[in-house]
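The values are calculated or read from the model by the stated rules, or taken from the named source; none is laboratory data. A quick note: this is a predicted structure, and the numbers were derived from the prediction, not measured. Counting neighbours? That spans all protein chains shown, and the Cβs are built from the backbone with ideal geometry, glycine included. When the accessible area is computed, the model is the full protein with side chains, heavy atoms only, and any ligands, DNA or RNA have been set aside. Shrake-Rupley method; radii C 1.70, N 1.55, O 1.52, S 1.80 Å.
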Amino acid sequence: MYNPKGNGKEKSVREVAFTEVEPPAHLQGIVHRFLELNTHGDLPEDYRFHALPDACTYVVFDQLNRDITGLARLRAQSEEFNLGKSFHFINIRFLPGVWQGAPEQLAQGMVNLPYVGDLPLLEINRKLAARKFGDSQDLLVGLVEHLIDQKLVAPNPVTERIFQHLDDILTVGDMAELSNLSPRQLQRTLKKTTGFAPHDLLKILRLQQSLNGNDTWSYADQSHFIHSFRKATGYTPGKYARKFDV
């Protein structure tokens, strides 16, 4: 099953806490995790957050600036964001393909501007700030249920089937066959629901599997794996493992 890592946390920075919580059972086909990323006091230097390639959509809540919240999707290449010396974010990470809203509602990368949309994100951000993360799950679940009611998120049978059969997928052709779609239908469906062409999504799936310990899953050989990993993250697998926890 697809289990995106989402980020690489620098091993040398112990003052940064990253917490993940699984959603309740009725949302597990839509939400991957609820997340909190925060500092305990000011860091001596700016923290650069290494966001790994994935195809998930995020709701981002900035707890230090409650006007900043929104929706975002990452790209097929890793990105690094300077979060400064002090930060506190709460996120909802949706599974790839479940976002049904307009693409223009999604930022590419980090959310860093005041929210001006019509979703109740500002209200929820302020309510979250009054609670500890462990006591906030009802607010996050309620938002997801609201997005479901508004038909902005929904289970995606195509990506769900792909994730269930990852070990059987070596090519885009395999992906199309397992999805019971023609290559053209698959291209159109994935581009609309994940923002990625099938080939780019397959690269992300391969990288995520390698981070789960399957070092050369679906790669032709070790050198191909190292080249692909470095192209996606900017690091060789060995250097990445020495620098980051995932």
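Of note:
- Candidates Leu64, Leu52 - the one that is among the hydrophobic types (A, V, I, L, M, F, W, C) and modelled with pLDDT under 90: Leu52
- Per the conditions (1) assigned to a loop (DSSP other than H, G, I, E, B); (2) open to solvent by less than 30 Å² (accessible area, probe 1.4 Å), the sole criterion not satisfied by Leu205 is (1).
- Once region 52-68 is narrowed to residues that are acidic (Asp, Glu) and open to solvent by less than 30 Å² (accessible area, probe 1.4 Å), the residue that is farthest from the chain's Cα centre (by Cα) is Asp62.
- Screening region 124-159 for residues that are closer than 30 Å to Ala176 by Cβ and without any contact (Cβ under 8 Å) to a residue 60 or more places away in the chain and picking the one that is surrounded by the fewest Cβ atoms within 10 Å (Cβ to Cβ) gives Lys151.
- Test for Leu71: is it hydrophobic (A, V, I, L, M, F, W, C), open to solvent by less than 40 Å² (accessible area, probe 1.4 Å) and assigned to a strand (DSSP E or B): yes
- Members of region 140-194 that are farther than 19 Å from Ile204 by Cβ and outside any helix (DSSP H, G or I): Gln150, Lys151, Leu152, Val153, Ala154, Pro155, Asn180, Ser182
- For region 208-228, the criterion of a residue being under 19 Å from the mean Cα position of the chain (by Cα) and either modelled with pLDDT of 90 or more or over 23 Å from Glu79 (Cα atoms) (or both) is satisfied by no position.
- Residue in region 11-27 that is most open to solvent (accessible area, probe 1.4 Å), counting only those that are charged (D, E, K, R) and more than 18 Å from the chain's Cα centre (by Cα): Arg14
- Verdict on Lys5 being touching a helix residue (DSSP H, G or I) at 6+ places or on another chain (Cβ under 8 Å) and of a type in the set (Lys, Arg): yes
- Any chance Pro183 is open to solvent by 80 Å² or more (accessible area, probe 1.4 Å), free of Cβ contacts under 8 Å to residues at least 12 places away in the same chain, over 25 Å from Thr19 (Cα atoms) and not aromatic (Phe, Trp, Tyr): no
- Asp42 being among the charged types (D, E, K, R) and crowded, with 19+ Cβ neighbours inside 10 Å: no
Here is a yes/no grid of residues against (1) touching a residue at least 24 places away in the same chain (Cβ under 8 Å); (2) in contact with a strand residue (DSSP E or B) (Cβ under 7 Å, 6 or more places away or on another chain):
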| site | (1), (2) |
| --- | --- |
| Asn3 | yes, no |
| Ala25 | no, no |
| Arg33 | yes, yes |
| Asp46 | yes, yes |
| Leu52 | yes, yes |
| Cys56 | yes, yes |
| Phe61 | yes, yes |
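- Scan of region 102-119 for residues that are surrounded by 15 or more Cβ atoms within 10 Å (Cβ to Cβ) and either modelled with pLDDT of 95 or more or over 18 Å from the mean Cα position of the chain (by Cα) (or both), ordered by number: Tyr115, Leu119
- Taken across region 214-225, residues that are within 28 Å of Ala107 (Cβ to Cβ) and either open to solvent by 30 Å² or more (accessible area, probe 1.4 Å) or small (Gly, Ala, Ser) (or both) do not occur at all.
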